[in-house]
Amino acid sequence: MSDLIADKVNMVFTTPTGGKVHALKDVSFTLKEGELLSVLGPSGCGKTTLLNIIAGFNRPTGGAFYLGDHEISGPDTERGMVFQQGALFEWLTVAENVNFGLRMKKANKKETARKVEEWLEIVGLQGFGDTPTYQLSGGMQQRVALARCLINDPDLILMDEPLGALDALTREKMQSLVLKIWKETGKTIMIITHSVEEALLLGERLFVMAPRPGRLHKEYRLPFAEKGVDGDMRDIKNSAEFAQVREEILTMIWDMEEEIMGKAEAA
Amino acid sequence: MIIGILFIALLAAVIWSIFHGRKVLRTEKSDAVFGNPERALGGWHWVVAGVSSVMVLWLYFSWDAGRSYFPQAANEMCQVAKLNRSANPIRAAFPLDNRQLRGTQLLQRDGLQIALMNQRLAAAELLSEADRTELQAIINDMESAMNAQASPEFIDPTIEGQLNGIADRINQLSDKMADDAYPGPADPAQMEKALAQPGWGETNVEIPPLAETERGRKFDAASLEMEAIAKDFGKIRNNTGAIKAKLDALKERYEGFAIEGGADAAVVAERKALIRQIDKIYKRIDDGKIFPPSITQQVEDALITLDDTQKSQQGTLRIIDALAMPGGTIIAGNSACSEQGSGRWLPKPSDTWKTLTRLADPDIGFKDAPLLWYKMTPLAGIADYFVPDWVADLIPGEYPRHDDNGQIQMNLKGEVYNIATGNYPSPMIPVPMGHVWDSLLRVLAGLFFGILFGVPLGLAMGLSRFFKGFFDPLIELYRPIPPLAWAPLILTIFGIQDDGKIFLLFMVAFAIMVISARTGATGTHLSKIHAAHSLGASKGQIIRRVILPNSLPEILTGIRIAIGVCWGTLVAAEMLAGTTGIGFVENVARKQSDYEIIWTTIIIMGLLGLLFDVLMRWVINKTIPWRGKG
């Protein structure tokens, strides 16, 4: 059992002028193994901070995250990460990027090569192994990033707006890919996004976060991800149920944004 | 001849490429607005135009083209220059090349001296009234003697006759020069000798001095006659007859002036000083170089006639001088003629090429070393260079000693020492050597150590607050100091051999490499480091696999800059001190005013710089093709 447990996580940043910013306040939740969670919220609500802490890049100022039986204290291969821009190593080829993690572990070379082939096929990049990554399109780069993360067999996959920089068509294809991987591998996946539609499609569970201080505002349990694995994305998006939840969340976020603006104007 | 054809070909290339460029411009005139960078692409015909223009200018202003078209011209102009040179002593006395008559100048100068004497005398209060009256009278006599020289009234008729004789002889020379038969048939032996001379610029004697052509012989003969005339003119002094009487009286009077006698030392000293001054001016007047202008007019006229004749006799030579030898002419010295002007300091491309091939010849080289060659060196010697001797000291035990029979039992320590000192038979391998190689080696060695130490420190400074804080002030303190300001200190400490220069270049390269590696390291995207972390990379792996490759563009740019700066510093350092190297060659050539070698070294340095840069561009394209695309 490697559930992700957040126990009253607090994060307070000190600004250079001495002020305090409460980025996260008393965030507590439990993410069961194999769940697909999407996190949504207006900008500045602490989504990325949350992800960075889970990944182990930052330490919370209060509380802790637990993955399985231990506390998270730093970056580790058990938690894979996919970044918005891919963050590929452009001096390496596609295959070298994908096997980066295994090379760092000094894994068996034959085994590594086999796994790379396997994963390139899963993400739809067979035959691109020797291509330099800077020659790939944005969507292909993101596929490489996915494969690079998954080849390490992490317990938890963290995605920081992974499809944010892609065009609509590529984005839809990638969304299917993410769902396919989720279903086939049974990994726990946590996706941060600023697209409401994407959050609904790629979230078995959905957290809406509120800003100042960053906190969990509302949680949804959604059927769309499960449907999307086999069904047609377009049909799901056009369904009345989808539209209703989307409008509800959009209104919620708009209200938050307006509240922020109001606060800013009052100050 | 090759140069002549080349010159025309280059001129044609310039004209062709200009027309071609204009044609391309017309046919491709598609953008209506100015500023499209695409327009700067291509255009190799402008490369042709640029390079050809430079070559044309070089060939023209170095007189290489002129020499190619008129190989005889320099020899003839040398004869003309000889005539000018021999006529110069007479011409200098007349306002031909100068603004004033020599006599006018002398009158002015000595008149000023006399006026100063008058002032001094008026202020000499130490002297008695009698002394002052007498001295004043002497000065007045002197002035009147000097002025008498300028007056036709006092001139000695012999002098007048001599001057007229000079004028006649010059006029006769003019007539002879106008005659085509002058100076008569050539002496075959003389002619053979003249024709056997090496050509223009073929040896260190720039221009063959003996007349090779009819026209040349005419000027050569005239120069000999003129030399005799000038000599005789120099002997004529306007100090005879009535002038002599005046001068003698003057001399007697001031020599008779009582310096000693009935006065204290200060007065005696004052009198002495005044008389000495009078004596000086007297001697100049006694030189007799002031003549009445009306008397010397004939000589002046004769000189003008001669000048006109010799100019008309030069004919086409004057046009060649003006057009083919721009910015100067040929002048005659004591024993040889030489180029004067741009032809002198701008070496001819063909001579420069010859010098380059001469220096490149390993048997000749420069100062006991070739430019770039190889020598067979035992492999052991190279090991000796790299393996320090103290390695053997680290081996436990004693060095072998001889026993009572004089036998030496080798042991491991001894063997290692032999290897460290290169004391064993080994095959010979060719090793590059020479001035260019020495310079190259110094630059590469300095660069190597600069990269070896600079890159790790730069990366560390980009990643660690401690390293940045600790080393930043140190590096920023020494970096802004011009490398050459360090040179005297470093060369004094390390000596003028390679170590000092390599250390100096190391200092230069080190600072540049530290800064570029640091910029590269701090420029790494955090997401890449995060990604590497969550892929399980350790700190060391992140530095080696992520930060180092990510900094490569900056590091390689740093190397490219460092090579350029090191090269510049090295050449200057070699000029300061050293016995080999391309900068040393140039410095020696400078001391010998050998323009060809100076230009040769400049060209070699330019080519090497170009080579380095092309090499670095190639390396950059090969190693960091992702630059600007990540």
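The values are calculated or read from the model by the stated rules, or taken from the named source; none is laboratory data. Small disclaimer: the values here were computed from a predicted structure and weren't measured. As a convention, Cβ positions derive from the backbone with ideal geometry for all residues, glycine included, and neighbour counts pool all protein chains shown.
Observations on the model:
- Some residue of region B:521-531 being surrounded by fewer than 21 Cβ atoms within 10 Å (Cβ to Cβ), more than 15 Å from B:ILE624 (Cβ to Cβ), under 47 Å from the mean Cα position of the chain (by Cα) and more than 14 Å from chain A (Cβ to nearest Cβ): no
- Flag if B:VAL47 is without any contact (Cβ under 8 Å) to a residue 12 or more places away in the chain and within 22 Å of B:ILE603 (Cα to Cα): yes
- With respect to being more than 30 Å from B:ALA87 (Cα to Cα) and not in a helix (DSSP H, G or I), B:GLY262 fits the description.
- Screening region B:324-373 for residues that are on the phi < 0 side of the Ramachandran plot and in contact with a Leu (Cβ under 7 Å, 6 or more places away or on another chain) and picking the one that is modelled with the highest pLDDT gives B:PRO349.
- Selection of region A:46-60 for residues being more than 13 Å from chain B (Cβ to nearest Cβ) and in contact with a Leu (Cβ under 9 Å, 6 or more places away or on another chain) yields A:GLY46, A:LYS47, A:THR49, A:LEU50, A:PRO60.
- Residue within region B:121-143 that is in the same structural domain as B:ARG271 (by TED's automatic domain parsing), in contact (Cβ under 8 Å) with a residue 12 or more places away in the chain and touching a Gly at 6+ places or on another chain (Cβ under 8 Å) present: yes
- Test: residue in region A:35-43 that is more than 10 Å from chain B (Cβ to nearest Cβ), modelled with pLDDT under 85, over 22 Å from A:ILE189 (Cβ atoms) and crowded, with 16+ Cβ neighbours inside 10 Å: yes
- Out of B:THR579, B:THR601, sole residue that is surrounded by fewer than 17 Cβ atoms within 10 Å (Cβ to Cβ) and β-branched (Val, Ile, Thr): B:THR579
- Residue count, region A:95-108 (criterion: in a loop (DSSP other than H, G, I, E, B), at the interface with another protein chain (Cβ under 8 Å from one of its Cβ atoms) and modelled with pLDDT of 85 or more): 0
- Condition met for A:PHE128 (part of a loop (DSSP other than H, G, I, E, B), modelled with pLDDT of 85 or more, more than 8 Å from chain B (Cβ to nearest Cβ) and over 30 Å from A:LYS20 (Cβ atoms)): yes
- So B:VAL508, is it touching a Pro at 6+ places or on another chain (Cβ under 7 Å) and touching a residue at least 12 places away in the same chain (Cβ under 8 Å): yes
- Of the residues in region B:506-513, not one is of a type in the set (A, V, I, L, M, F, W, C), more than 38 Å from the chain's Cα centre (by Cα), surrounded by fewer than 23 Cβ atoms within 10 Å (Cβ to Cβ) and over 23 Å from B:VAL614 (Cβ atoms).
- Taking (1) surrounded by fewer than 19 Cβ atoms within 10 Å (Cβ to Cβ); (2) away from every other protein chain (no Cβ under 13 Å); (3) hydrophobic (A, V, I, L, M, F, W, C) in turn, A:MET174 satisfies each apart from (1).
- Qualifying positions in region B:551-573 - within 14 Å of chain A (Cβ to nearest Cβ) and surrounded by fewer than 21 Cβ atoms within 10 Å (Cβ to Cβ): B:LEU552, B:LEU556
- Residues in region B:579-630 that are outside any helix (DSSP H, G or I) and either within 14 Å of chain A (Cβ to nearest Cβ) or under 27 Å from B:GLU339 (Cβ atoms) (or both): B:GLN592, B:SER593, B:ASP594, B:ILE624, B:PRO625, B:TRP626, B:ARG627, B:GLY628, B:LYS629, B:GLY630.
Here's the yes/no breakdown for (1) modelled with pLDDT of 90 or more; (2) farther than 30 Å from B:THR600 by Cα; (3) assigned to a loop (DSSP other than H, G, I, E, B):
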site: B:LEU6; (1), (2), (3): yes, no, no
site: B:LYS23; (1), (2), (3): no, yes, no
site: B:GLY42; (1), (2), (3): no, yes, yes
site: B:VAL51; (1), (2), (3): yes, no, no
site: B:LEU57; (1), (2), (3): yes, no, no
site: B:ARG85; (1), (2), (3): yes, yes, no
site: B:LEU96; (1), (2), (3): no, yes, yes
site: B:GLN108; (1), (2), (3): yes, yes, no
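- Picking from residues in region B:536-549 that are within 50 Å of the chain's Cα centre (by Cα) and surrounded by fewer than 21 Cβ atoms within 10 Å (Cβ to Cβ), the one that is nearest to the other protein chains (Cβ to nearest Cβ) is B:PRO549.
- Taken over region A:76-94, the residue count meeting the criterion of being in a strand (DSSP E or B), within 13 Å of A:GLN141 (Cα to Cα) and either facing chain B (nearest Cβ under 7 Å) or in contact with a Cys (Cβ under 6 Å, 6 or more places away or on another chain) (or both) is 1.
- Out of A:VAL27, A:VAL12, sole residue that is touching a His at 6+ places or on another chain (Cβ under 6 Å), in a strand (DSSP E or B) and more than 14 Å from chain B (Cβ to nearest Cβ): A:VAL12
- Flag if A:MET159 is hydrophobic (A, V, I, L, M, F, W, C), assigned to a strand (DSSP E or B), touching a Ser or Thr at 6+ places or on another chain (Cβ under 6 Å) and within 14 Å of chain B (Cβ to nearest Cβ): no
- Counting only helices (runs of 4 or more DSSP H) that sit completely within region B:292-352, those holding 2 or more residues that are within 20 Å of B:LEU210 (Cα to Cα) correspond to B:293-314, B:316-324.
- For region B:193-243, a tally of residues being in contact with a Lys or Arg (Cβ under 9 Å, 6 or more places away or on another chain), surrounded by 22 or more Cβ atoms within 10 Å (Cβ to Cβ), of a type outside the set (A, V, I, L, M) and in a loop (DSSP other than H, G, I, E, B) returns 3.
- Enumeration of residues in region A:88-98 that are touching a residue at least 40 places away in the same chain (Cβ under 8 Å) and either more than 19 Å from A:TRP119 (Cβ to Cβ) or buried (at least 24 other Cβ atoms within 10 Å of the Cβ) (or both): A:LEU88, A:GLU90, A:VAL94, A:ASN97, A:VAL98
- Yes/no for B:ALA181 being part of a loop (DSSP other than H, G, I, E, B) and in contact with a Phe, Trp or Tyr (Cβ under 9 Å, 6 or more places away or on another chain): no
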